[in-house]
1. Restricting to the stretch 141-167, and then to whatever is among the charged types (D, E, K, R) and either farther than 25 Å from I238 by Cα or not assigned by TED's automatic domain parsing to the domain that holds P98 (or both), can you tell me which residue is surrounded by the fewest Cβ atoms within 10 Å (Cβ to Cβ)?
2. Is the stretch 200-218 home to any residue that is among the charged types (D, E, K, R) and farther than 29 Å from D128 by Cα?
3. Quick check: is even one residue across the stretch 177-189 under 23 Å from D135 (Cα atoms), of a type in the set (D, E) and touching a residue at least 60 places away in the same chain (Cβ under 8 Å)?
4. Which condition does L189 not pass, out of (1) more than 14 Å from H77 (Cα to Cα); (2) out of contact with any strand residue (DSSP E or B) (no Cβ under 9 Å at 6 or more places or on another chain); (3) surrounded by 22 or more Cβ atoms within 10 Å (Cβ to Cβ), if it passes all the others?
5. Considering each residue of the stretch 296-327, count those that are at pLDDT 70 or above and more than 19 Å from the chain's Cα centre (by Cα), and give that number.
6. Examine the stretch 207-216 for a residue that is in contact (Cβ under 8 Å) with a residue 60 or more places away in the chain, assigned by TED's automatic domain parsing to the domain that holds V293 and crowded, with 18+ Cβ neighbours inside 10 Å, and state whether such a residue exists.
7. Filter the stretch 219-257 for residues that are among the hydrophobic types (A, V, I, L, M, F, W, C), in a loop (DSSP other than H, G, I, E, B) and touching a Lys or Arg at 6+ places or on another chain (Cβ under 9 Å) and give the result.
Amino acid sequence: MSTFDSDLRACLLDSDLRACLLQYVSLKTTSRVDSVVLNGTEFARPEPAAKGQDMQHFEEWDFGQGTWIFAMILDGHGGISSDLKLNDAAEFIHSELPPLIKAAVAARLAATRSHCLPDADMAKILSDNLVALDDRIKDDVIAALADESMPNRDILLGRAVTGTTACVAVVDPSRRVHVANIGDSDCYLVSGTTKEAAHLTPHQSCTNPAEKQRILDEHPNESSSDLFHARRLFGRLIPSRGIGDFPLKLAAPEVKKLLLWMNMAGVDVETDSAVLHNHTPPYLSNKPDIIHVQANEGDFLVLASDGLGSQVWFMNDGDNSVETVGRVCAAGLVDQPRSGFNAALEIIWQAWLGVVDCHLYRLVVDKYSPSGRVDDIAIVVGRL
């Protein structure tokens, strides 16, 4: 334990540290689902922002034959301004997707006269609605680029140049878990008996060799050096799949218009990689991976944005393997929670002190970060 940690422990009780942690997070708890969001910090903005780019949402649905759980983590990026941030891709998915999924599940249950749906039906509902929302953003941006007098044009363009990952889970009354994942957030199923964490969502990112090869295979006449810069697609984005981010999906002429609309002062649009090397779009996929798994009574479902993995990397000397992140998640879960217990907060608590100098207390409160920033963290935990 470092001198800093020893001094901190000597001065503050756990209750004091928890009170400090509560100043930096927002919480939500129901009978079966808990969530927490911790907004990140940067040297240029050392205090956590009032609103970050990570978002969470959960609902409990009752269609008359048992309770369903809907949970979602969104990791937004590319906000242009405080005004346009209110209309970005993450906000759009956050408001539009839950009612669409709920209505589709209800309609299919009514049509089949059942209390649960087959994996194939759930896969279609999740995939079709995610792709359809991304297609709506595409249709809107193409129309807005063609018509400068279009109402709400700036909102539609702002939505298209921003982007978000999406990890969406639906649990039916039989505890069948259906997950749709676009991007690099994590979903774990944690055993209620052994506390072993099964990682369900392979990362869709340019750092994943399989995803990088998929992109190269889809664009066989384009070189890796043109497509990937600094482990990012066109030097812009680490995730290899996403909602929005249309500079990585549209043809070069439309991308040029988008970049010019963004008013990128001093930037030569013609030499931007998303224009210069844009030959066979789209490069960023909107197709989710779909995972189905059977949970048992007492298990936990954990969804977390990649900010948790980043913090675990700091805590564990560069180790943010899915196994290590899973152990951090499992450490925060208990079988019989006390009154006021929030399982998502307990997972953050595991990272709050951490080890050596790389704990969240120092990163957030003491305003110290080796990388210059602390990423937003959003977590949802469902008790199954």
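1. E148
2. No, every residue in the stretch 200-218 fails to be among the charged types (D, E, K, R) and farther than 29 Å from D128 by Cα.
3. Scanning the stretch 177-189, I find at least one residue that is under 23 Å from D135 (Cα atoms), of a type in the set (D, E) and touching a residue at least 60 places away in the same chain (Cβ under 8 Å), so the answer is yes.
4. So the condition that L189 fails would be (2).
5. Matching residues across the stretch 296-327 total 5.
6. Scanning the stretch 207-216 turns up no residue that is in contact (Cβ under 8 Å) with a residue 60 or more places away in the chain, assigned by TED's automatic domain parsing to the domain that holds V293 and crowded, with 18+ Cβ neighbours inside 10 Å.
7. Residues satisfying the conditions are I238, L250.
The rows are residues; the columns are (1) in a strand (DSSP E or B); (2) modelled with pLDDT of 60 or more; (3) crowded, with 21+ Cβ neighbours inside 10 Å; (4) not hydrophobic (A, V, I, L, M, F, W, C).
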site: M1; (1), (2), (3), (4): no, no, no, no
site: D7; (1), (2), (3), (4): no, no, no, yes
site: A10; (1), (2), (3), (4): no, no, no, no
site: P48; (1), (2), (3), (4): no, no, no, yes
site: G52; (1), (2), (3), (4): no, yes, yes, yes
site: E60; (1), (2), (3), (4): yes, yes, no, yes
site: G64; (1), (2), (3), (4): no, yes, no, yes
site: A71; (1), (2), (3), (4): yes, yes, yes, no
site: G76; (1), (2), (3), (4): yes, yes, yes, yes
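The values are calculated or read from the model by the stated rules, or taken from the named source; none is laboratory data. All values reported here derive from a predicted model rather than from experimental measurement. Reconstructed Cβ throughout: ideal geometry from the backbone, glycine too, with neighbour counts over all protein chains shown.
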